[in-house]
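Please read the structure below before turning to the comments.
The values are calculated or read from the model by the stated rules, or taken from the named source; none is laboratory data. None of the values given here were measured: they were computed from a predicted structure. Cβ: placed from backbone, ideal geometry, glycine included. Neighbour counts: every protein chain shown. To get the accessible areas, we keep the full protein, side chains included, count just its heavy atoms, and leave off ligands, DNA and RNA. Shrake-Rupley method; radii C 1.70, N 1.55, O 1.52, S 1.80 Å.
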Amino acid sequence: MKIGEDTNQYVREFLAETLGTFALVIFGDGAVAQVVLGNAARGDTFFGGFLNISFGYGLALMIGICISGGVSGGHLNPAVTLAMAVFKNLKWIQVPIYMAGQYLGAFLAALVLWGEYADAIKMVELGQDPTNSGSYTSATHGIFASYPFFDTSQVTTLSLAMDQMLGTAMLLIIILAVTDNNNMKIQSSLVPLTIGLGLTAIHLSFGLNAGSAINPARDLSPRVLTFLAGWDEPFKAADSWFWIPSLLPHVGGVLGAGLYKVMVGMHPKDGE
């Protein structure tokens, strides 16, 4: 009986992480798409700029957590899942289940977004090059995956690596602080909004170097979609930088969670 109950719970967690991550990416990358495509099509800044994207992704995370939080905890990020497992807030058997849902949800969201904005993407690509016969270029690849803002001859690999680790570390510190019942005791109904605003703060502070992906599923799955759809070298651009947002957020997440546990999370028991 217990095996059947566990299997049912794992399926629910997989589906919750899939749908929650789908919402995160469809709204988050949707905000990017509207800014990039809308402004390029209109030739002005009517659809805003990076501030819109920062709040768009923060609200997207809030929505994703609201959708999945009651079932899976609303990780929506492999780096969060790994950190939770390392510090025994999640069973190791659940890690591949969570991550599979996250990568699948992000890919499906990118696929839907590509279909939603296919005509606008084509218009922008033609605006960049009227002779373009249907190929996709760097003019629109940033809708789906993150790329360094500066040329890689101007910014070092170490800076880009630190960027992803620092941003993810801060995200885990925010998550653990908000959900720590021995700290500020934030009401559960305010947790999604608070964490979402935390992500917005990270974007506003650390978005310059590389767009602040800090989520391997949010970056890698849409990048795979752009590869399959025919964008120009999504895995070779910027000196094949893709491995940095795909791998290093896992390191940053564990470091951030460990830092919070050591400096704040080791609360004395009642009466001590």
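Filter segment 64-84 down to the residues that are of a type in the set (A, V, I, L, M, F, W, C) and surrounded by fewer than 18 Cβ atoms within 10 Å (Cβ to Cβ), then identify the one that is nearest to residue 190 (Cα to Cα). Restricting to residues being of a type in the set (A, V, I, L, M, F, W, C) and surrounded by fewer than 18 Cβ atoms within 10 Å (Cβ to Cβ), the top hit is 66. Does residue 42 qualify as being basic (Lys, Arg), at pLDDT below 95 and over 16 Å from residue 202 (Cβ atoms)? For residue 42, the condition - basic (Lys, Arg), at pLDDT below 95 and over 16 Å from residue 202 (Cβ atoms) - is met. Summed over segment 178-212, the residues that are assigned to a loop (DSSP other than H, G, I, E, B) and open to solvent by 70 Å² or more (accessible area, probe 1.4 Å) give a count of 6.
If you scan segment 114-163, which residues turn out to be surrounded by fewer than 17 Cβ atoms within 10 Å (Cβ to Cβ), part of a loop (DSSP other than H, G, I, E, B) and among the hydrophobic types (A, V, I, L, M, F, W, C)? Once the filter is applied, which keeps residues that are surrounded by fewer than 17 Cβ atoms within 10 Å (Cβ to Cβ), part of a loop (DSSP other than H, G, I, E, B) and among the hydrophobic types (A, V, I, L, M, F, W, C), segment 114-163 yields 149, 150.
Within segment 213-266, the set of residues being under 16 Å from the mean Cα position of the chain (by Cα), of a type in the set (Lys, Arg) and open to solvent by 10 Å² or more (accessible area, probe 1.4 Å) comprises just one member, 218. Checked against (1) open to solvent by 10 Å² or more (accessible area, probe 1.4 Å); (2) among the hydrophobic types (A, V, I, L, M, F, W, C); (3) closer than 20 Å to residue 215 by Cα, residue 47 meets all criteria but (3). Whenever a residue of segment 85-113 is without any contact (Cβ under 8 Å) to a residue 60 or more places away in the chain and open to solvent by 50 Å² or more (accessible area, probe 1.4 Å), its partners that are in a helix (DSSP H, G or I) and of a type in the set (Gly, Ala, Ser), lying with C-beta atoms within less than 7 angstrom and at least six residues away or across chains, give the pairs 92/85.
Here residue 6 does not qualify as farther than 23 Å from residue 256 by Cα, at pLDDT 95 or above and among the charged types (D, E, K, R).
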